[in-house]
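The values are calculated or read from the model by the stated rules, or taken from the named source; none is laboratory data. Note that this is a predicted model, so its numbers are computed, not measured. Because the Cβ atoms are built from the backbone with ideal geometry, glycine has one as well, and the counts that use them run over all protein chains shown. To get the accessible areas, we keep the full protein, side chains included, count just its heavy atoms, and leave off ligands, DNA and RNA. Shrake-Rupley method; radii C 1.70, N 1.55, O 1.52, S 1.80 Å.
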Amino acid sequence: MSNSHSDALVFFGATGDLAYKKIFPALQSMIKRGHLDVAVIGVAKAGWDLDQFRARAHDSLEKHGGGVDAAAFDKLSGLLRYVDGDYNDPATFQAICKELKGAQRPAHYLAIPPMLFGTVVEQLAKSGAAQDGRVIVEKPFGHDLASAQELNRILHAAFPESAIFRIDHYLGKRPVNNVVVFRFANAFMEPFWNRNHIESVQITMAEDFGVQGRGAFYDQVGTIRDVIQNHLFQILCNLAMEPPVRIDSETIRDEKVKVLKAIRPLEVNDLVRGQFRDYHQEKGVAPDSKMETFAALRLEVDSWRWKGVPFYIRAGKNLPVTCTEVIGRLRKPPIVVRDSALSQNYLRFRISPEMTIAMGTTVLAPGEELRGETVEMVASRHPRPDEMDAYERVLGDAMAGDPTLFAREDYVEEAWRIVDPVLKAGTPIHEYEKGAWGPSEVDGRVSPAGGWLNPTATDQEDFRVAARAA
């Protein structure tokens with residue numbers, strides 16, 4: 001299949017929450033940049049007509065799209081089509097084919113629950129709409145290795161791998177990709193970004209809120225499936241991959257898969273799961289739920305570059321801050337200053353809420369004695385209002401046929417292979433207070449040498465204090 005641009009976008013689940021909060025704003029932005037000029041066909045079973053669908057789009061942009069751009073919305077309204085029908089009914093897909101009006105390369109976006117993927121893909125194949133088309137699949141890609149393999153079988157029955165785009169919107173975030181650029185575009189990184197100088201790497205994804213009314217969904221998924229196995233493994237691969245010999249999408253994705261292949265399956269002793277107090281009182285959560293809202297784990301990448309360096313990952317709900325951050329802690333040099341408690345040098349990548357690259361360094365402290373103190377050299381920037389949103393980027397890339405930011409079949413299955421054993425092991429759940437950094441068991445079992453460096457502040461002075469305290 002050629003990499004020519006899709007000539008129509010069909011999105012299933014068009015009346016759902018994801019479309020309302022993310023997709024319509026992304027479509028308006030694509031139009032403003034001149035990146036969208038094809039029919040957009042929404043499909044759902046809501047009893048709506050086209051006017052109601054357009055009204056939904058307008059309301060979405062007012063509340064979640066930064067406001068309605070009159071010119072862009074006028075164009076979007078002209079591109080919108082709507083098909084109301086049951087996904088099990090062949091007539092629904094006949095109506096879709098009619099609205100496609102001869103499009104040769106449609107992109108089918110499945111913004112629907114995973115249980116419906118098989119039904120929709122099968123109907124697309126039977127109706128002929130899958131021919132020469134693409135399919136864009138929202139996560140989760142299964143709930144374990146076996147279900148991921150089955151999902152891949154279903155998708156491959158109708159589409160070649162080159163036409164399957166598994167969305168992880170996290171890879172559409174500019175700061176996530178900036179990690180790769182910073183590593184490989186700066187010569188000073190290579191000499192120390194390896195096992196010879198890096199003692200440990202820690203990745204934190206903290207949220208200072210709970211499940212936000214999505215208890216029924218979250219209680220079926222949990223932290224490991226929701227963000228670690230996908231989002232944070234993507235960050236891990238960007239940190240640990242080797243430089244690709246070419247910059248084409250397959251070569252880049254090959255290097256990421258090599259990272260996962262070098263990781264052994266997680267063991268029970270390398271994981272601590274937690275659950276915030278009163279989680280059971282959330283709507284939709286089972287009274288006896290054993291689902292984690294926090295997880296911390298330790299793994300190693302058995303490659304030439306990283307053998308022996310532990311990677312620590314933690315993520316959770318109701319933690320002290322909302323922030324995603326990476327710390328690469330360097331090994332201690334021989335002590336040359338009178339300060340036995342001197343903190344180690346480190347490299348800090350902050351992914352959100354702002355993008356920061358910082359180096360924790362030691363300089364001479366004020367006073368007459370030869371003592372050191374830690375300060376940061378910081379480069380930081382906040383997102384600009386006109387920056388491309390993650391969903392805008394990944395939708396645009398999928399329609400353009402660029403698979404670089406999308407998970408390949410082997411990547412998905414390798415990621416599940418790593419976490420599968422601990423998901424099935426029924427490891428204990430430890431309670432933690434809201435506003436804490438997870439359960440206390442983390443400190444004794446899954447903690448880097450020198451402790452976790454908690455992201456508590458954005459400015460240099462406060463972070464210096466946090467670093468010295470650690």
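Return the residues of the range 206-231 that are aliphatic (A, V, I, L, M), closer than 27 Å to F406 by Cα and either open to solvent by 20 Å² or more (accessible area, probe 1.4 Å) or in a helix (DSSP H, G or I) (or both); say none if nothing qualifies. Step through it out loud before you land on a result.
From the range 206-231, those aliphatic (A, V, I, L, M) are 206, 211, 216, 221, 224, 227-228; that's our starting set.
Adding the requirement that they be closer than 27 Å to F406 by Cα leaves 206, 211, 221, 224, 227-228.
Residues satisfying the conditions are V221, I224, V227, I228.
Being open to solvent by 30 Å² or more (accessible area, probe 1.4 Å), assigned to a helix (DSSP H, G or I), among the polar types (S, T, N, Q) and under 22 Å from V412 (Cα atoms) narrows it down to one of N177, N152, so name that one. Let's see the steps before the verdict.
Working: N152 fails: open to solvent by 30 Å² or more (accessible area, probe 1.4 Å).
Every option except N177 fails the conditions.
Which of the helices (runs of 4 or more DSSP H) found entirely inside the range 48-119 contain at least 1 residues meeting this: of a type in the set (S, T, Y) and within 28 Å of the chain's Cα centre (by Cα)? Steps first, answer last, please.
Details: elements: 50-64, 70-79, 90-100.
In the range 48-119, the matching helices (runs of 4 or more DSSP H) lie at 50-64.
From the list R225, R253, R195, R174, which one is of a type in the set (K, R), touching a helix residue (DSSP H, G or I) at 6+ places or on another chain (Cβ under 9 Å) and more than 26 Å from P353 (Cβ to Cβ)? Step through it out loud before you land on a result.
Working: R225 fails: more than 26 Å from P353 (Cβ to Cβ); R195 fails: touching a helix residue (DSSP H, G or I) at 6+ places or on another chain (Cβ under 9 Å); R174 fails: more than 26 Å from P353 (Cβ to Cβ).
When all the criteria are applied, what remains is R253.
Exactly one condition in (1) touching a Leu at 6+ places or on another chain (Cβ under 9 Å); (2) outside any helix (DSSP H, G or I); (3) open to solvent by less than 50 Å² (accessible area, probe 1.4 Å); (4) over 22 Å from F192 (Cβ atoms) is not met by I418; state its number.
With (1) touching a Leu at 6+ places or on another chain (Cβ under 9 Å); (2) outside any helix (DSSP H, G or I); (3) open to solvent by less than 50 Å² (accessible area, probe 1.4 Å); (4) over 22 Å from F192 (Cβ atoms) applied to I418, the lone miss is (2).
Taking strands (runs of 3 or more DSSP E) that do not extend beyond the range 306-407, which have at least 1 residues that are at pLDDT below 85? Give the derivation first.
On the way: elements: 310-316, 323-330, 346-352, 355-364, 372-381.
Here the list reads 355-364, 372-381.
Considering only the range 188-199, state which residues are open to solvent by less than 50 Å² (accessible area, probe 1.4 Å), in contact (Cβ under 8 Å) with a residue 24 or more places away in the chain and part of a loop (DSSP other than H, G, I, E, B). Can you show your working first?
Taking the range 188-199 as the starting set, the residues that turn out to be open to solvent by less than 50 Å² (accessible area, probe 1.4 Å) are 189, 192-194, 198-199.
So of that shortlist, the ones also in contact (Cβ under 8 Å) with a residue 24 or more places away in the chain come out as 192-194, 198-199.
Answer for the range 188-199, where residues must be open to solvent by less than 50 Å² (accessible area, probe 1.4 Å), in contact (Cβ under 8 Å) with a residue 24 or more places away in the chain and part of a loop (DSSP other than H, G, I, E, B): F192, W193, N194.
Would you confirm whether or not the range 159-171 contains a residue that is modelled with pLDDT under 90 and part of a loop (DSSP other than H, G, I, E, B)?
yes
How many residues does the range 437-449 hold that are surrounded by 17 or more Cβ atoms within 10 Å (Cβ to Cβ) and part of a loop (DSSP other than H, G, I, E, B)?
Qualifying residue count, the range 437-449: 6.
Could you check how many residues of the range 6-33 are open to solvent by 10 Å² or more (accessible area, probe 1.4 Å), over 20 Å from the mean Cα position of the chain (by Cα), among the hydroxyl-bearing types (S, T, Y) and more than 11 Å from L76 (Cβ to Cβ)?
Final tally of qualifying residues: 1.
Hey, among the residues in the range 278-304 that are open to solvent by less than 20 Å² (accessible area, probe 1.4 Å) and part of a loop (DSSP other than H, G, I, E, B), which one's farthest from I198 (Cα to Cα)?
Only one residue tops the list, namely V285.
Please give the number of the condition T404 fails out of (1) touching a Ser or Thr at 6+ places or on another chain (Cβ under 7 Å); (2) farther than 22 Å from T324 by Cβ.
(2)
Mind checking which residues of the range 409-444 are basic (K, R) and at pLDDT 95 or above?
Of the range 409-444, the ones basic (K, R) are 417, 424, 434.
Those that are basic (K, R) and at pLDDT 95 or above: R417, K434.
Any idea which of (1) open to solvent by 30 Å² or more (accessible area, probe 1.4 Å); (2) touching a strand residue (DSSP E or B) at 6+ places or on another chain (Cβ under 9 Å); (3) small (G, A, S) is the one A185 doesn't satisfy?
(2) is the only condition that A185 fails.
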